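The values are calculated or read from the model by the stated rules, or taken from the named source; none is laboratory data. All values derive from a computational prediction rather than experimental measurement. Please note: Cβ atoms are built from the backbone with ideal geometry, for glycine as well, and neighbour counts cover all protein chains shown. Just so you know, the surface numbers come from the protein's heavy atoms only, side chains and all, with ligands and any DNA or RNA stripped out. Shrake-Rupley method; radii C 1.70, N 1.55, O 1.52, S 1.80 Å.
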Amino acid sequence: MRMEDMILISIDDHSIEPPDMYERHLPAKYKDLAPKIIRNAEGIDQWVFQGEATSTTFGMCATVGWPQEEWGFNPGTFSEMRPGCFDIHQRVRDMNVNGVLASMCFPTMAGFNARTFSEAGDKDLSYIILQAYNDWHIDEWCATYPGRFIPLGIVPMWDVDLAVAEVHRLGKKGFRAISFLEAPHSQGWPSFLSGHWDPMFEAIIEENLVLCLHIGGAYGLIKLAPEAPIDHQIVLPTQVTMLVAQDLLFGPTFRKYPDLRVALSEGGIGWIPFYLERVDRHYQNQRWIRNDFGGKLPSEVFREHILACFITDPSGLKARDAIGVDTLAWECDYPHTDTTWPNSPEVLWDELTSARVNDEEIHKITWENSARFFNWDTFAHLAKDRATVGALRALATDVDTSRMTRAEWRQQNEALGIGAVEVATH
C-alpha cells in the first residue's frame, strides 16, 4: 500500500457552529430566544443564551489556520478563523486537501455534554434549543454533503427521561452516536456506577448508537497543585480516560449491557497495554473481591465494548497487538491545536510504517473499525476508488493551506464578507 491509497475516517473533529445555525431549525416564536453571537465591548464574539455568555467561539478550539506562536486559550472573532472551522463548504474542501473521507464533529458552543443548555435556567427552552441544535447538525451540517459526516447528537443531562426520548428521536433521524460527559460525577451529576443513566444506555443500545466520551469534561477529577502550569491542562485530560474505563469496566455498566459500545474520544491508546495487564492481574489475584466478568478476563470485556481513538500515538501503535487491532481508530481533531491537518496522511503514514503495521491492519485502523463500530456505510455516496487520500486530494489542488496570522485572516475574511456578525456590539 502507498500513503495515497489509505482511506481515512476521522471520528473526532469539531464544528465551530456558525452564527446563523438556528435560522432554519426553530419555529419563528423561538428564534429571538435562541443562542446568539454578540460582539462584546472588548471586540470578542460570544455566544449568549438566556442572558448569559456561554462561551467564546474558539481559543484553542479553532487555531487550525494560525501560526503556532498565536495559539492559546485567548478568544477572538469569527473573521479571524479559517472559514473551514464554521463554513460547511470550506470544511469539506479542507477535508479533501487532507485526504479525509468522513468526519464526526463534536460540539463547541453546546459543549460535549450539552453543558450550555444544562446550565441555563429555563430548562423547557433549553430542551427546545437542544433539539434544534441536533436538527441543525444532521439536517444541515451533515446533510449538505452526504457520506462525509457521521451524525453525532447531544442529550439533556438534566432529565434522564428526556435524554431517553431524545436518544430515540435521534436514532430515528439517522444519528450514529451520542456525545456525553466522560465522568458525569465530575460535574455533580450521578456517576455511571449509580444506575441513574441505565435507561439512557438501554435506549442507546435499542437505537444501535455509540456512546462517545470525549476528554476534557472531567478534568475536575484531577487535583492539581495551585502552582500547576498551563501544560497540565493540556497533557493530563487524556489520563482521565483510564478512570472512565475503570468505572465502566469494574462498575455495573458493561456487565448489565453487553451490547453497549463506547468510544473513548481523543483518549489516546498508549496507556491501554499497561491498563489491561493491570486489570487482568488484579482480577486474577484479588479473587476475594468476587468480580464476575462472565468467565472472561477484564481485558476481553474491554475489547468487546471499547473503541480507542488516537491522533498520533507511536508507542500505542507499536503495542497494537497488546491492545487489539480491532479496538483502534484514528482521528484528526480539526480545527484544534492537536490536529495534524493538513498533513494528516503524512504524519499517520510515518507512524504506521515505523510501527511496521501491515496493509490489513492499516485499513482497520484508518476506516474499517470506525465504520463497523458506528454502523457506517463508508462508500454509500462515494465509490471506494474515489475515497482514497490521493483521490480526495486531487479534488483540492486549489486549496491554500498556508498559515496566516489572526490579523491577516481578519483582513482577508472581512474583505470577502466572511465571518461577519450581524448583531449589535454590546
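Remark: segment 14-104 carries 37 Å² of accessible area per residue (probe radius 1.4 Å; ligands, DNA and RNA excluded). Net charge of the neighbourhood of Glu277, taken over other residues with C-beta under 14 Å away and scored Lys/Arg +1, Asp/Glu -1, is 0.
Helical runs (DSSP H, four residues minimum) scored at -39500 (n - 2.57) apiece and divided by the length of the chain put the mean residue ellipticity at 222 nm at -9500 deg cm²/dmol.
Near the amide H of Gly65, within less than 5 Å, lie the amide hydrogens of Arg82, all on another chain or at least 5 residues away, with H placed in the peptide plane.
Structural descriptor for the chain: relative contact order 26 percent, calculated from alpha carbon pairs under 8 angstrom and at least 6 residues apart. Highest average first, the peptides 201-209, 177-185 ordered by how many other beta carbon atoms sit within 10 Å of their residues are 177-185, 201-209.
Placing Arg39, Arg290 in order of accessible area, with the largest value first and a 1.4 Å probe, yields Arg290, Arg39. Here the accessible area is traced with a 1.4 Å probe on the protein chains. For segment 1-136, carbon and sulfur cover 50 percent of it.
DSSP beta bridges fully contained in the chain are about 25 percent antiparallel.
Around the amide H of Ala177, modelled in the peptide plane, lie the amide H atoms of Gly153, Val210, all under 5 Å away and 5 or more residues distant in sequence or on another chain.
Equivalent-ellipsoid semi-axes (√(5λ), Cα gyration tensor) for segment 72-148, whole Å, largest first?
26, 17, 10
As a length-normalised measure over Cα pairs under 8 Å and 6 or more apart, the relative contact order of segment 1-81 settles at 20 percent. Of Glu360, Glu70, Glu300, the order by accessible heavy-atom surface (1.4 Å probe, DNA, RNA and ligands excluded), from most exposed downward, is Glu360, Glu300, Glu70. Relative to the 2.2 N^0.38 Å rule of thumb, segment 287-411 has a C-alpha radius of gyration ratio of 1.36. For His14, nonlocal amide neighbours, meaning residues 5 or more places apart or on other chains whose placed amide H falls under 5 Å from its own, are Phe106, Tyr334. For segment 106-152, the alpha carbon convex hull comes to 58 Å³ per residue, rounded to a whole number.
3J(HN,Hα) along segment 192-199: 5, 7, 6, x, 4, 8, 4, x Hz, from the Karplus curve 6.51 cos²θ - 1.76 cosθ + 1.60 with θ = phi - 60°, whole Hz, x for Gly and Pro.
Reducing segment 371-391 and segment 156-231 to their Cα centroids gives an inter-centroid distance of 28 Å.
For segment 76-141 and segment 249-327, what is the separation of their C-alpha centers, rounded to whole Å? Comparing the Cα centres of segment 76-141 and segment 249-327, I get a distance of 31 Å.
With θ taken as phi - 60° and the Karplus curve 6.51 cos²θ - 1.76 cosθ + 1.60 applied, the whole-hertz 3J(HN,Hα) list for segment 218-225 is 10, 4, x, 6, 8, 9, 9, 5 Hz, x standing for glycine and proline.
Please give the contour-minus-distance gain from Asp377 to Asp280: 0.36 nm per residue of separation, less the Cα-Cα distance, rounded to one decimal in nm.
Taking 0.36 nm per residue and subtracting the Cα distance, the gain is 31.4 nm.
Per residue, the average separation of C-alpha pairs within less than 8 Å and at least 6 apart gives segment 125-202 a relative contact order of 26 percent. For the residues Ser402, Ser370, a 1.4 Å probe over the protein chains yields an accessible-area ranking, largest first, of Ser402, Ser370.
Each residue of segment 307-322 was assigned a 3J(HN,Hα) from its phi angle through the Karplus expression (A = 6.51, B = -1.76, C = 1.60, θ = phi - 60°), giving 10, 9, 10, 9, 9, 9, 6, x, 5, x, 5, 5, 9, 4, 5, 6 Hz with x at Gly and Pro.
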